[in-house]
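Quick one: this structure, given as structure tokens, is what I'll be asking you about.
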Amino acid sequence: MFISSKDNPRIKRLAALLSSKKQRTAEGVFVIEGVRGCVDAVRESLDGLLEIEAFFYSEEAKAGFENRLDTGVYDSLDDKKVFVITKEIAAKVSLEGNTQGAFVIARVVHKPVPDTLDGNRYVVLDNLQDPGNLGTVLRTADAVGADGVILTNNCVELYNPKVIRSTMGSISRINIYIENSFERTVSVLKDSGISCIAAVVRNGSLLSSYHFGRKCAVFIGNEGRGLSDEHTALCDDRVTIDMHGRLDSLNASVAAAIIMWEMSKEGV
């Protein structure tokens, strides 16, 4: 279907979902923007990892995704979910300065924390507020093979467009859980035999010589304040990244990446 009017109800809905957390939450969907992200979304929908409601693209974007999608994958799309839009509409609804003209509306992918977790390696993010940091942590967790990421204590919205862009497609490839209660998160992890390790700026065991064990979860705190003393006290242990330069702390996503890499080196 070709859409040429910005007043089309489908276009109004797309614009609202991009700009409004309230709208995304109410409908239980989110938007992926960009050729690469949309291509990944189509592939992952065929693997059952993502449920796509609609795919919008401009003619200018068509060459980009046709070059990345083989004919079989492209032909598998439900025609009722595919909409061709003008480049003017794409520019109007986009939140990016230079849109690629491709958008996917998909169902949310997160889960509540279950009573028991069966994996071995987890990352818990406590009140993380920067969208870029959250997206980078999710992407890194996907890269190192973590079993899941848990968002707790009112982290930034998972489906913020900046988060989605930063994940580079990892949002549907890793288990993501949301549990606002920090205390319940710790309780479930411990009851599942998973040790809880707080990442702290100082006074923790040095990361370079730390043994994580087979089942563990690392806790990363807020960008400015880190983990509170109360939350740190609930964890089983503390770990500190060795610092050899003049800095005394790292960006939250950088610290998380370093710790996740060290966790992954020990295997499972």
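Name the one entry in Ala41, Ala16, Ala54 that is part of a helix (DSSP H, G or I) and without any contact (Cβ under 8 Å) to a residue 60 or more places away in the chain.
Ala16
Next question, about the same structure. So which of Leu69, Leu95, Leu77, Leu46 ends up being of a type in the set (A, V, I, L, M, F, W, C) and either under 18 Å from the mean Cα position of the chain (by Cα) or within 17 Å of Lys162 (Cβ to Cβ) (or both)?
Numbers: Leu69 fails: either under 18 Å from the mean Cα position of the chain (by Cα) or within 17 Å of Lys162 (Cβ to Cβ) (or both); Leu77 fails: either under 18 Å from the mean Cα position of the chain (by Cα) or within 17 Å of Lys162 (Cβ to Cβ) (or both); Leu46 fails: either under 18 Å from the mean Cα position of the chain (by Cα) or within 17 Å of Lys162 (Cβ to Cβ) (or both).
Just one listed residue meets the conditions, Leu95.
Something else: One residue is enough: does segment 25-34 have a residue meeting the conditions among the aromatic types (Phe, Trp, Tyr), in a helix (DSSP H, G or I) and over 15 Å from Gly101 (Cα atoms)?
First, pick out the residues of segment 25-34 that are among the aromatic types (Phe, Trp, Tyr): 30.
Retained after the next criterion (residues that are in a helix (DSSP H, G or I)): none.
For segment 25-34, residues among the aromatic types (Phe, Trp, Tyr), in a helix (DSSP H, G or I) and over 15 Å from Gly101 (Cα atoms): absent.
If only one of Ser208, Ser253 is farther than 14 Å from Val123 by Cα, of a type in the set (Ser, Thr, Tyr) and in the same structural domain as Asn153 (by TED's automatic domain parsing), which one is it? Steps first, answer last, please.
Details: Ser253 fails: farther than 14 Å from Val123 by Cα.
Ser208 is the lone residue from the list that is farther than 14 Å from Val123 by Cα, of a type in the set (Ser, Thr, Tyr) and in the same structural domain as Asn153 (by TED's automatic domain parsing).
Ok, one more. Applying the selection to segment 74-88, what residues are free of Cβ contacts under 8 Å to residues at least 40 places away in the same chain and either outside any helix (DSSP H, G or I) or crowded, with 20+ Cβ neighbours inside 10 Å (or both)?
Within segment 74-88, Ser76, Leu77, Asp78 qualify.
Now for a different question. Condition first: under 20 Å from Val31 (Cα atoms) and touching a residue at least 60 places away in the same chain (Cβ under 8 Å). Now tell me which residues in segment 135-157 satisfy that.
Selection gives Thr136, Val137, Glu157.
Hey, Asp126 hits all of (1) in contact with a helix residue (DSSP H, G or I) (Cβ under 9 Å, 6 or more places away or on another chain); (2) within 22 Å of Asp242 (Cβ to Cβ); (3) not β-branched (Val, Ile, Thr) but one; which does it fall short on?
So the condition that Asp126 fails would be (2).
Counting only residues that are touching a Lys or Arg at 6+ places or on another chain (Cβ under 7 Å), small (Gly, Ala, Ser) and touching a residue at least 60 places away in the same chain (Cβ under 8 Å), how many does segment 172-219 have?
Residues flagged as touching a Lys or Arg at 6+ places or on another chain (Cβ under 7 Å), small (Gly, Ala, Ser) and touching a residue at least 60 places away in the same chain (Cβ under 8 Å) within segment 172-219 amount to 0.
Turning to a different aspect of this structure: Would you mind stating whether Lys12 is closer than 27 Å to Pro112 by Cα and modelled with pLDDT of 95 or more? Steps first, please.
Values: closer than 27 Å to Pro112 by Cα: no; modelled with pLDDT of 95 or more: yes.
For Lys12, the condition - closer than 27 Å to Pro112 by Cα and modelled with pLDDT of 95 or more - is not met.
Is it the case, given these coordinates, that Ala91 is surrounded by fewer than 21 Cβ atoms within 10 Å (Cβ to Cβ), among the aliphatic types (A, V, I, L, M), assigned by TED's automatic domain parsing to the domain that holds Cys38 and part of a helix (DSSP H, G or I)? Steps first, answer last, please.
On the way: surrounded by fewer than 21 Cβ atoms within 10 Å (Cβ to Cβ): yes; among the aliphatic types (A, V, I, L, M): yes; assigned by TED's automatic domain parsing to the domain that holds Cys38: yes; part of a helix (DSSP H, G or I): yes.
Yes: the conditions hold for Ala91.
Report yes if Phe30 is closer than 19 Å to Ile164 by Cβ, over 22 Å from the mean Cα position of the chain (by Cα) and not assigned by TED's automatic domain parsing to the domain that holds Val163, otherwise no. Outline the logic, then answer.
On the way: closer than 19 Å to Ile164 by Cβ: yes; over 22 Å from the mean Cα position of the chain (by Cα): no; not assigned by TED's automatic domain parsing to the domain that holds Val163: yes.
For Phe30, the condition - closer than 19 Å to Ile164 by Cβ, over 22 Å from the mean Cα position of the chain (by Cα) and not assigned by TED's automatic domain parsing to the domain that holds Val163 - is not met.
Restricting attention to segment 161-200, report how many residues are in contact with a Leu (Cβ under 8 Å, 6 or more places away or on another chain) and within 21 Å of Lys21 (Cα to Cα).
The number of residues fulfilling the criteria is 11.
Among the residues of segment 15-49, which ones are more than 21 Å from Lys92 (Cα to Cα) and at pLDDT 95 or above?
Of the residues in segment 15-49, the ones more than 21 Å from Lys92 (Cα to Cα) are 25-28, 39-49.
Passing the criteria: Thr25, Ala26, Glu27, Gly28.
The values are calculated or read from the model by the stated rules, or taken from the named source; none is laboratory data. Please read all numbers here as calculations on a predicted model, not as lab measurements. We place every Cβ from the backbone using ideal geometry, glycine too, and count neighbours over all the protein chains shown.
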